[in-house]
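Note sheet for the following structure.
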């Protein structure tokens with residue numbers, strides 16, 4: 001990927017901000033509260049998807065749980081349902 005592609009994508013997304021220095025680009029994500037430095041070599045070598053995934057630092061994870069026989073994503077749940085999920089206790093057999 002070219003540096004211009006990365007910076008134009010970052011400019012188009014309001015959650016992201018960046019600063020360039022002599023070694024690479026410092027990428028900040030306001031929503032995930034992450035700060036990641038990418039060297040120019042890494043930017044040339046990796047895809048946009050790989051760089052965005054690295055910058056999320058494992059914080060942009062969608063959890064899935066099984067409830068009454070079916071699986072559902074917890075990101076779509078309301079406050080009450082997420083509260084019930086936090087109150088559940090795991091039992092070891």
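The values are calculated or read from the model by the stated rules, or taken from the named source; none is laboratory data. Everything numeric here is computed off the predicted structure, so don't read it as measured data. Please note: Cβ atoms are built from the backbone with ideal geometry, for glycine as well, and neighbour counts cover all protein chains shown.
Only one of (1) out of contact with any strand residue (DSSP E or B) (no Cβ under 9 Å at 6 or more places or on another chain); (2) outside the structural domain of residue 18 (by TED's automatic domain parsing) fails for residue 33. Which number is that?
Failed condition: (2).
Just checking, which of 22, 49 is loosely packed, with under 10 Cβ neighbours inside 10 Å and under 20 Å from the mean Cα position of the chain (by Cα)?
49
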